[in-house]
Amino acid sequence: MTTIEVKRINRSKVYQMIYEKRSISKQELAQELHMGLTTVTQNLKALEEDGWIHRTGYYESTGGRKAQAIEIVSNARTAIGAFILRRSILLVALNLYGDVIAKKTVAEPFSATEAYFQFLGKEIMRFANHVESNPDRISGVGIAIQGILSPDRSKIQYGKLLQHTGLNTADLTRYIPYPCFTEHDSKAAAFAEIWNQSQLSDAVVFLLNKNLGSALVIHGEVHQGKSMHSGTIEHMCIVPDGKPCYCGGKGCLETYCSAESLQNQIQGNSFEAFFQSVREHDPSSNAIWEAYLSKMAAAIRNVNTVMDSDVILSGFLVPYLTTEDLEFLKQKITSLPFFAERDIHIQLGKHGEFAPAIGAALPFVRRTIDEI
Ligand SMILES: [Zn+2]
């Protein structure tokens, strides 16, 4: 290794350790990294001059001089995420820890037109500029969209919902003056939910949105599959010859467990009102909700025969779910003898409807940290 490489690695190691520990002293850094105090001091000076770290105060003295607390500058870069939906655009801004520092919903129906692409670019720029006035500190824009991308991400190869099959992703990002990345909404949501869960190896993620989505996480990575179709559990047939699905099939999970299918059953009621009546044990609302959870349980069982792992529920409906619902789901899953002994852990996602936007932005957060 050349001296320059060694220097770069040391700088990265010092930064990564501060990042991981959130707050650390120079002495602790030297100990943790088995690095000489002089080398640590040099790296801290350089990182501080470049604006990546700062000193935030002093630790309580344990005798002798008080040690300074060192932290990363979490807003040194901002990543932007956008989730394109049929009727709206959800925007988020993330700091270097992947925390949401701003979010916004813009009501604008999607259309694969030049006017829409321009509107999207303008809205993203306006939002980014509001959060971070220095454009050099915007690391990139991640776009989550319904539809399966081509393996090289240049095209939407299946986009029945937004009727955008064949759309070039470059068209979508033409008016966005930052590095861009496009991802399938469910896969982006899965990435958001596993961020900060380094102990999680495998999981099945369901995105409980207006239209259902899902993704598989294997060895901590979102599985794309041979033709990017991995984990599209929404089109798993759950009722042979059941309700027609937009995909052309019948009885898909989508037709029973998407928020839209639930909306159709609650007949004009808001989700707030519906879930309130569920919690008040209204018999007809309870019946609808239990039927929903039972179909979900059937899907989880089916998936579990292929991949035995934990389950994460993410997306729009998650804020309405309770531990009681999770218990009901578990009971349903284990009600068949073959599944009785399984300990399938079901986790509720943390980001609600913004999960895809967050997940699309996170690769820029990771890239920034990796490149320091
Ligand atoms: Zn389908």
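For the stretch 192-209, indicate whether the set of residues that are over 17 Å from the mean Cα position of the chain (by Cα), not in a strand (DSSP E or B) and not polar (S, T, N, Q) is non-empty.
No; the residues of the stretch 192-209 include none that is over 17 Å from the mean Cα position of the chain (by Cα), not in a strand (DSSP E or B) and not polar (S, T, N, Q).
Scan the stretch 346-372 and report the pairs whose first residue is acidic (Asp, Glu) and whose second residue is surrounded by fewer than 23 Cβ atoms within 10 Å (Cβ to Cβ) and in a helix (DSSP H, G or I), with Cβ atoms within less than 6 Å and a gap of 6+ or a chain change.
Correct list of pairs: empty, since none qualify.
Within the stretch 283-301, is there a residue that is over 23 Å from residue 200 (Cα atoms) and in a loop (DSSP other than H, G, I, E, B)?
First pass over the stretch 283-301, keeping only residues over 23 Å from residue 200 (Cα atoms): 283-295, 298.
The next check asks that each one be in a loop (DSSP other than H, G, I, E, B); those that pass are none.
No; the residues of the stretch 283-301 include none that is over 23 Å from residue 200 (Cα atoms) and in a loop (DSSP other than H, G, I, E, B).
Determine, yes or no, whether residue 332 is in a helix (DSSP H, G or I) and over 23 Å from residue 210 (Cβ atoms). Write out each step before concluding.
On the way: in a helix (DSSP H, G or I): yes; over 23 Å from residue 210 (Cβ atoms): yes.
It is true that residue 332 is in a helix (DSSP H, G or I) and over 23 Å from residue 210 (Cβ atoms).
Would you pick out the residues in the stretch 77-96 that are over 17 Å from residue 179 (Cα atoms) and open to solvent by less than 20 Å² (accessible area, probe 1.4 Å)? Please lay out each step first, then the result.
Narrowing the stretch 77-96 to residues over 17 Å from residue 179 (Cα atoms): 84-90.
Selection gives 84, 89, 90.
So in the stretch 220-255, with the set limited to residues that are open to solvent by less than 20 Å² (accessible area, probe 1.4 Å) and of a type outside the set (A, V, I, L, M), which one is farthest from the ligand (Cβ to nearest atom)?
So the first thing to find is which residues in the stretch 220-255 are open to solvent by less than 20 Å² (accessible area, probe 1.4 Å), and the list is 228, 231, 233-234, 242, 245, 251-255.
Imposing the further condition that a residue be of a type outside the set (A, V, I, L, M) reduces the set to 231, 234, 242, 245, 251-252, 254-255.
Working: 231: 14, 234: 7, 242: 10, 245: 3, 251: 8, 252: 3, 254: 5, 255: 7 Å.
Per the stated criteria, the residue is 231.
Could you pull out every one of the strands (runs of 3 or more DSSP E) wholly within the stretch 47-142 that has 3 or more residues that are in contact (Cβ under 8 Å) with a residue 60 or more places away in the chain?
Working: elements: 53-58, 68-72, 78-84, 88-94, 100-107.
By residue number, 78-84, 88-94.
Within the stretch 182-205, is even one residue more than 23 Å from residue 97 (Cβ to Cβ), free of Cβ contacts under 8 Å to residues at least 12 places away in the same chain and open to solvent by 50 Å² or more (accessible area, probe 1.4 Å)?
The answer is no, given that none of the residues of the stretch 182-205 is more than 23 Å from residue 97 (Cβ to Cβ), free of Cβ contacts under 8 Å to residues at least 12 places away in the same chain and open to solvent by 50 Å² or more (accessible area, probe 1.4 Å).
The values are calculated or read from the model by the stated rules, or taken from the named source; none is laboratory data. Just so we're clear, the structure is a prediction, and the values are computed from it rather than from any experiment. Virtual Cβ from ideal backbone geometry, glycine too; neighbours counted across all protein chains shown. Please note that ligands, DNA and RNA were not included when accessible areas were found on the heavy atoms of the full protein model with its side chains. Shrake-Rupley method; radii C 1.70, N 1.55, O 1.52, S 1.80 Å.
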